Number of protein chains: 2
Amino acid sequence: MPNSAQSSQPVSLMTDHYEFTMVSAALSDGTAERPCVFEVFARRLPTGRRYGVVAGIGRLAELLPGFRFSEADVEFLRSNGVVDEATARWLADYRFGGDIDCYNEGELFFPGSPILTVSGTFAECVLLETLILSVLNHDCAIAAGAARMVTAARGRPLIEMGSRRTHEDAAMASARAAYLAGFTTTSNLAAGRRYGIPTAGTSAHAFTLLHNDEQAAFASQVAKLGVDTTLLVDTYDITQGIRNAVAAAGTRLWAIRIDSGDLDVMAHHSRQLLDSLGATDTKIVVSGDLDEYAIAALAAAPVDIYGAGTAVVTGSGAPTANLVYKLVEVDGSPVVKRSENKATVGGRKTAVRRHKPTGTVVEEVVVSQGTPEPQPGDRPLQRALVRGGELVADLPGLDDSRELLRQGLIAIPWEGLKLSPGDPSVPVVMLS
Amino acid sequence: MPNSAQSSQPVSLMTDHYEFTMVSAALSDGTAERPCVFEVFARRLPTGRRYGVVAGIGRLAELLPGFRFSEADVEFLRSNGVVDEATARWLADYRFGGDIDCYNEGELFFPGSPILTVSGTFAECVLLETLILSVLNHDCAIAAGAARMVTAARGRPLIEMGSRRTHEDAAMASARAAYLAGFTTTSNLAAGRRYGIPTAGTSAHAFTLLHNDEQAAFASQVAKLGVDTTLLVDTYDITQGIRNAVAAAGTRLWAIRIDSGDLDVMAHHSRQLLDSLGATDTKIVVSGDLDEYAIAALAAAPVDIYGAGTAVVTGSGAPTANLVYKLVEVDGSPVVKRSENKATVGGRKTAVRRHKPTGTVVEEVVVSQGTPEPQPGDRPLQRALVRGGELVADLPGLDDSRELLRQGLIAIPWEGLKLSPGDPSVPVVMLS
């Protein structure tokens, strides 16, 4: 196979056609330079969810500097009639020069939380809509589902192993969002390399099937990786598989993995058998279509580590985060769309989260075109991300975001951690 | 903002950790070179779905030649303890040299259909698992949901506009899969450029809000784009919006778009109003959380074009296609995993679809380690994709796949086109 180069597309074309049409018309009629504010928020959380999780800001920070148009990009847009000559010239010089504020990654959000605010001229801001929403809608969806699994696991480690169930690039972003949400490791090596996430994995059923028998497969794995490995014991028969595993690795075998059957029954059976064989410290890893409910149902089972795949990378029933990018202010005045059903509050918002002296969150206060009256226990939620087109320097790392989320989930009312469907756990009080 | 280069990851690292661990152990114990056959199939379709759609083969063909390991890739794997020295050397020379057969893009599939078959040595084949499954699980899921929307639209055109609801790279792949499924256009320019898909888009609510009033916004849009454009009429009040639209563009206005409210009621109201204003040829585009059910419910409404977003890019409730990559043959002998619940038939499969003289599909016949007894009306389902590591030359284009799917949906029993939950519309007869 020839090693042909991949023809990757610039992020600036990962943009909806109508953004360019609007820029063209606005450049013609003189409104393109009007100072505008756009906000990213969710009108509602996915059905029954009690909180959202901000994720993707770090990825956005990596992508935004590349939002420029090469000669070839501009020529594609011009020759396909997407933009006219004047707009083509404008795009060739395009460089976002405005400001972006945002909630930190790992922060919780609720309906109406202004999680990202873009200000600048109409034309420079409107072009960023699709990229910003793509990154945030995906990563927030994954992080929110993953956070529920972390809660359900009650301190037991979780391995993210869903790469094969989602788009190959989304897989990397999913591994990142799951780690942010508290997962321990990922199976995805590209994510491991790019984001410094610890990776994990030992073997699949194919490895056992490749060998003449299970004993040979286990012996090979132990010879190569030592006893500090995980043997997959359910290719043929779990009971015999566990006996073969301990025979191959001895009682100091690190772990076995079970990927099929009733995991509760299997975990109890396996623990008993391992103990009876003297492998009392050997851990039990379970996997196979685990979501937060299946994980919660295993709370009383002797499981040491969970592997979750499909449910993580598909947001466990909510594969997108319902975030929208709305124009809220033009020339310093609030603007609001007032069609049949969708009413929103215009104007640039400032948000704080209000806490009891005990540290429990009471409410989120969001003020349009002003700032909340300060009270003890208030925590500002927004930070600078871009100033005059330049990324600010002190963005938190992935581990900081992970810790922020951990603390955030401790601070919300306990109702918020329930897996059952319910209302958002923190009310957003919108003042204008 | 500095225009920093994006640090993109090679597809060869979009791979699960355990693939490399298995290769390491197999290289050590001498099984790495055993001739193997892996198959991609779905054990079941997403709940209630009556068919699957093969999509992603073309993307895979673009990605596979890049599945090589640079010095830096190998060093990452070695220095992080993923592989040992011997495996590192093997990876540096890695180049898939085997064969791949597959169903064509646009072909329907059912539980057990062997949609992709990889043969070669164990080590060279096992490494491709994650990439192959990521591409196919994503693209097949999107195409299947989109095909249901195309059926529901009963010949009316569909615009794919879901980029903002999914990962930015997945958005491009989604636009491609939706077009394959019969969508007419996409909003995604990167997909337009990369895959030659027609793009569409005119304006958002932000454009109206940017202007002093709706009249000014419509006048600007018409001045720039002419009357052959779509005016979005629901920012403030739809009735007034339609009056403003016809006032700005005249009765030869191409289309209006409605993005909110009860679309059935709104479409009837809008048609009546447009007609009364003399704009009898002006089309009505509707959008706003449309899925196949919402589209079907609008069959009797005077709608001309549908815009669908979230539901398309999330597979309309089934965001992944349940495809697995299983070792089915080693050294010419069938292998089968026989754990508690999952039984599959081993051996390399050959598949044909059997038709009545009328052209209606009767069944799909899949034979392990053999070929189906030929009958009139049989159509072979597999084709060569890679031979000796080289892509074959005559891959069908996206428009061919689109047509194949269109014909395929005509040929299945009518039950198969129902949107309601049901069994797979074509039985797969597995012979071994």
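As for segment B:75-93, it holds at least one residue that is assigned to a loop (DSSP other than H, G, I, E, B), free of Cβ contacts under 8 Å to residues at least 40 places away in the same chain and within 11 Å of chain A (Cβ to nearest Cβ).
In segment B:330-337 there is no residue that is among the polar types (S, T, N, Q), over 30 Å from A:D262 (Cβ atoms), open to solvent by 10 Å² or more (accessible area, probe 1.4 Å) and touching a helix residue (DSSP H, G or I) at 6+ places or on another chain (Cβ under 7 Å). Within segment B:116-126, none of the residues are in a loop (DSSP other than H, G, I, E, B), over 28 Å from B:G309 (Cβ atoms) and open to solvent by less than 10 Å² (accessible area, probe 1.4 Å).
Of all residues in segment A:354-380, those satisfying the criterion of being touching a Gly at 6+ places or on another chain (Cβ under 7 Å) and under 15 Å from A:F110 (Cα atoms) are A:R354, A:V366. Where residues in segment B:186-214 are assigned to a loop (DSSP other than H, G, I, E, B) and free of Cβ contacts under 8 Å to residues at least 24 places away in the same chain, which of them is nearest to the other protein chains (Cβ to nearest Cβ)? Step by step, filter segment B:186-214, then rank; the result is B:H211. Among residues of segment B:250-272 being part of a helix (DSSP H, G or I) and under 20 Å from B:I159 (Cβ atoms), the one that is farthest from the other protein chains (Cβ to nearest Cβ) is B:R271. The lone criterion from (1) assigned by TED's automatic domain parsing to the domain that holds A:L180; (2) open to solvent by 40 Å² or more (accessible area, probe 1.4 Å) left unmet by A:I284 is number (2).
Quick grid of which residues meet (1) within 13 Å of chain B (Cβ to nearest Cβ); (2) more than 30 Å from A:N137 (Cβ to Cβ):
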{"position": "A:I238", "(1), (2)": "yes, yes"}
{"position": "A:L274", "(1), (2)": "no, yes"}
{"position": "A:V303", "(1), (2)": "no, yes"}
{"position": "A:P319", "(1), (2)": "yes, no"}
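With respect to the conditions (1) open to solvent by 10 Å² or more (accessible area, probe 1.4 Å); (2) more than 28 Å from B:R59 (Cβ to Cβ); (3) in a helix (DSSP H, G or I), A:A217 lacks only one, and its number is (1). Checked across segment A:99-115, the condition of being facing chain B (nearest Cβ under 9 Å), out of contact with any strand residue (DSSP E or B) (no Cβ under 6 Å at 6 or more places or on another chain) and touching a residue at least 40 places away in the same chain (Cβ under 8 Å) holds for no residue. Among the residues of segment A:187-214, those that are more than 14 Å from B:D16 (Cα to Cα), open to solvent by 20 Å² or more (accessible area, probe 1.4 Å) and not small (G, A, S) comprise A:R194, A:Y195, A:N212, A:D213. Taken together, the residues in segment B:153-174 that are within 10 Å of another protein chain (Cβ to nearest Cβ), touching a helix residue (DSSP H, G or I) at 6+ places or on another chain (Cβ under 7 Å) and not in a loop (DSSP other than H, G, I, E, B) amount to 10.
Of the listed requirements (1) touching a residue at least 40 places away in the same chain (Cβ under 8 Å); (2) outside any helix (DSSP H, G or I), B:R148 misses just one: (2). Of the set (1) farther than 22 Å from B:G422 by Cα; (2) within 11 Å of another protein chain (Cβ to nearest Cβ); (3) out of contact with any Asp or Glu (no Cβ under 6 Å at 6 or more places or on another chain), all apply to B:E124 but (2).
The values are calculated or read from the model by the stated rules, or taken from the named source; none is laboratory data. All figures in this text were calculated on a predicted structure; none of them were measured in a lab. Note that we place each Cβ from the backbone using ideal geometry, even for glycine, and neighbour counts take in every protein chain shown. Accessible surface areas use protein heavy atoms only, side chains included; no ligands, DNA or RNA. Shrake-Rupley method; radii C 1.70, N 1.55, O 1.52, S 1.80 Å.
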